[in-house]
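Step one of this worksheet: look at the structure below.
The values are calculated or read from the model by the stated rules, or taken from the named source; none is laboratory data. All figures in this text were calculated on a predicted structure; none of them were measured in a lab. Reconstructed Cβ throughout: ideal geometry from the backbone, glycine too, with neighbour counts over all protein chains shown. Note: areas computed on protein heavy atoms with side chains; ligands, DNA, RNA excluded. Shrake-Rupley method; radii C 1.70, N 1.55, O 1.52, S 1.80 Å.
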Amino acid sequence: MAAKRKFESEALQYTYDRFIAGDPEQEKFYEQALVDTEVASLLYSLRTRAGLSQRALARKVGTTESVICRLEDADYEGHSLALLRRIASAVGKRVEIRFVPATKPRRSKTRRVA
């Protein structure tokens, strides 16, 4: 079972505890939804920081505006590494992939000494 999530919002905490926590299938779905949302958000931020519209980025990448729109949708699951590389290159970036532990280690609260 995954570590229990902690939320600052009581409403979010209640909702998570009520509908997700303790159900391995729901926890897996929730974690995947977080990843999908993060990818969509990163792509949107990358494009907007570059000052490009979806249409302009699509032209630079050699695809259509609807493809860029789908990539920025958290429900889209068809991201290809080749397309992500083309997008990164179009805005002067590169794709970096990391493999991290499946479970996040707990952070210890250490005090910083000034």
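Take the alpha carbon atoms of the range 65-102, find their center, do the same for the range 17-56, and report the distance between the two centers in whole angstrom. One Cα centre to the other: 12 Å. Here the chain exposes an accessible surface that is 52 percent carbon and sulfur, computed with a 1.4 Å probe and the other protein chains kept in place.
What the Cβ-Cβ distance of Leu34 and Phe99 gives, at R0 = 22 Å and to the nearest 0.05, is a FRET efficiency of 0.80.
Based on protein heavy atoms only, the chain ends up with 85 Å² per residue of surface accessible to a 1.4 Å probe.
What is the total of Lys pairs in the chain with C-alpha atoms under 22 Å apart, excluding same-chain pairs fewer than 8 positions apart?
Values: Lys4/Lys28; Lys4/Lys104; Lys4/Lys109; Lys6/Lys28; Lys6/Lys104; Lys6/Lys109; Lys28/Lys104; Lys60/Lys93.
So the count of such lysine pairs works out to 8.
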